[in-house]
1. Only one of (1) surrounded by 14 or more Cβ atoms within 10 Å (Cβ to Cβ); (2) at pLDDT 95 or above; (3) closer than 21 Å to Arg214 by Cβ fails for Gly89. Which number is that?
2. Quick check on my filter: what residues within the stretch 56-78 are modelled with pLDDT under 95 and touching a strand residue (DSSP E or B) at 6+ places or on another chain (Cβ under 9 Å)?
3. Does Ile39 satisfy the criteria of being within 20 Å of Phe173 (Cα to Cα) and surrounded by 17 or more Cβ atoms within 10 Å (Cβ to Cβ)?
4. Taking the condition of a type in the set (A, V, I, L, M, F, W, C), surrounded by 13 or more Cβ atoms within 10 Å (Cβ to Cβ) and either closer than 29 Å to Leu151 by Cβ or more than 23 Å from the chain's Cα centre (by Cα) (or both), does Leu262 pass?
5. Restricting to the stretch 268-289, give me the number of residues that are part of a helix (DSSP H, G or I) and either assigned by TED's automatic domain parsing to the domain that holds Ile199 or surrounded by 12 or more Cβ atoms within 10 Å (Cβ to Cβ) (or both).
6. Name the pairs whose Cβ atoms lie under 6 Å apart, with the first residue in the stretch 89-111 and within 9 Å of Ile21 (Cβ to Cβ), the second assigned to a helix (DSSP H, G or I) and not acidic (Asp, Glu), and 6 or more positions between them or separate chains?
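The values are calculated or read from the model by the stated rules, or taken from the named source; none is laboratory data. Keep in mind that what you see is a predicted model, and the values were worked out from it rather than measured. Here the Cβ positions follow ideal geometry from the backbone for every residue, glycine too, while neighbour counts run over all protein chains shown.
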Amino acid sequence: MTESTVRSAPPLVSHGRYALISPCRNEADYMRQTLDSVIAQSARPALWVIVDDGSTDATPTVLADYASRHDWIRIVTRQDRGHRAVGPGVIDAFYAGFNTIDPGEFEFICKLDLDLRLPPRYFEILIERMHANPRIATCSGKAWIEQDGQLHDERHGDETSLGMTKFYRSTAFAQIGGFVREVMWDGIDCHECRRKGWIACSWNEPDLRFVHLRPMGSSQQSVYVGRMRHGYGQYFMGTGALYMAASALSRVNQAPYLLGSLAMMWGWLKSALQRAPRYGDAEFRNALRRYQWRSLLVGKARATAEIDAANAHRADAGGARL
């Protein structure tokens, strides 16, 4: 018998019980690759809650098929709002799934998108790394994209876990207060982890590289809209103008060349000119600015290491079980 014809067995690794929560909308073009790569994991989730956020394509049919064959897959269906929503909309859908579980039953929680193809030992390795270092709050592998038959690095920093696969220690997720319902939720959470003494990180290794089937910063409208949205998100989070300019400049050689960087910068400038609201925690924004200035002076890796060392005592007080 094959995996597709029988109800699946319990996870192959008994330690590191984890749950996946996947918000999705109209993912019929990609989702089978994600579903199949999770089913093939050496350490499968104890539970996978998939939130269908009002899909109008074949997504509900595909989900019903997989859920009927795997009793650890649970579907939550939301009403169609009439459009795809990023940022707060995605996090609203995530919490529609999160609120159906008891987080205390799982050592780890993962927000997982349905446009990924994961390597077979992906979650097993993440669990091993987090058991080896109790200060790691959240981690991930690295995203690569396929272009003309070749894989290309999406170029994410080592100091963050990637938003499309946020693997979290449940205790740390609770301590930072979960995700903010705004565009830059997947940056705010990592900075908040560091402020509280935890470590956020990702690794670019063959066994942790996954294929992102929808490129970073893309949008249902255009990639330029996605880049502008990123610029707005950086503004909202509290990023300064000089750091934003350096970030945009660092991506001029990434498609869409130059114009993508200009769109990012314009998203930030437009938000500043309009005096758009910013993240309400002034202490967080001040700490972020200090970190960004230090990153410009000594490099992001050294600045991150300095913060991790300086805040180590907070993790111990916060219950990182050192």
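1. It fails just one condition, (2).
2. Scanning the stretch 56-78 gives a single hit, Arg78.
3. no
4. In short, yes.
5. 10
6. Going by the 6 Å Cβ cut-off, the qualifying pairs are Ile109/Ser170; Ile109/Phe173; Lys111/Phe94.
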